[in-house]
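Written below as structure tokens is the structure these notes are about.
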Amino acid sequence: MKYMLIWRASDEGNAAMADADFEKVLASVGQYNDELIRAGVLIAAEGLAPDESVVVDFSSEPPVVTDGPYGETKELFGGFYILNVASKEEAIEWARRAPSFGPGFKTEIRRVTTIDEFPQDNEWIQKERAWREATGQL
């Protein structure tokens, strides 16, 4: 099963990172990534650049595009991992082993749904399945 580990930082966490030794941060994240790779569970891991984001709001027609991320949010989505593990419990254990940067940081864990969970007789699901098979994703 695939799980997404979503790294979130509050204002407090972001402020602490401004004073952090970047080489130490890279080393701790690098060691964690190496553990995930050696265990064979890592599918993807990416950070997100907050200064290059926009929000498309579908509350009106046409949708409104504004600079993002949301300024009023208390915990910004700063990066993610996608892991292929046997269970939610295993995903939780990997999240617990992630580098700790102190107060102001959280990791949300969400199961990633698969195409098999959708109606297989739907033409759009069939087209997506064909694309996934053609690109080696299934």
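The values are calculated or read from the model by the stated rules, or taken from the named source; none is laboratory data. Remember, predicted model here, so these are calculated numbers, not experimental data. All Cβ positions, glycine included, derive from the backbone under ideal geometry; neighbour counts span all protein chains shown. In case anyone asks, the SASA skips ligands and DNA or RNA and just uses the protein heavy atoms, side chains included. Shrake-Rupley method; radii C 1.70, N 1.55, O 1.52, S 1.80 Å.
The table below gives the values:
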read-out: Listed residues A49, W124, A18: farthest to the positive end of the dipole of the chain (Cβ charges); value: W124
read-out: Neighbourhood charge, 14 Å Cβ-Cβ cut-off, centred on E128 and excluding it, Lys, Arg +1 and Asp, Glu -1; value: -2
read-out: Whole-number percent relative contact order across the chain, with pairs defined as alpha carbons under 8 Å at least 6 apart; value: 42
read-out: Residue-normalised accessible area of the chain, expressed per residue, 1.4 Å probe, Å²; value: 71
read-out: Accessible surface of the chain [probe 1.4 Å, protein heavy atoms]: carbon and sulfur percent; value: 54
read-out: Dipole moment magnitude, nearest 20 debye, the chain about Cα centre, only Lys, Arg, Asp, Glu C-beta charged; value: 540
read-out: D (Stokes-Einstein, µm²/s), Kirkwood Cα radius, the range 13-106, 0.692 mPa s at 37 °C; value: 209
read-out: Peptides 44-56, 96-108 ordered by average Cβ neighbours within 10 Å, highest first; value: 96-108, 44-56
read-out: At least 30 Å along the helix axis (C-alpha) and Kyte average at least -1.0, DSSP helices within the chain; value: none
read-out: Amide H within-cut-off set for G78, under 5 Å, with H built and near neighbours excluded; value: W7, R8, A9
read-out: Magnitude of the charge dipole, the range 1-56, Cβ model with Lys/Arg +1 and Asp/Glu -1, debye to 20; value: 380
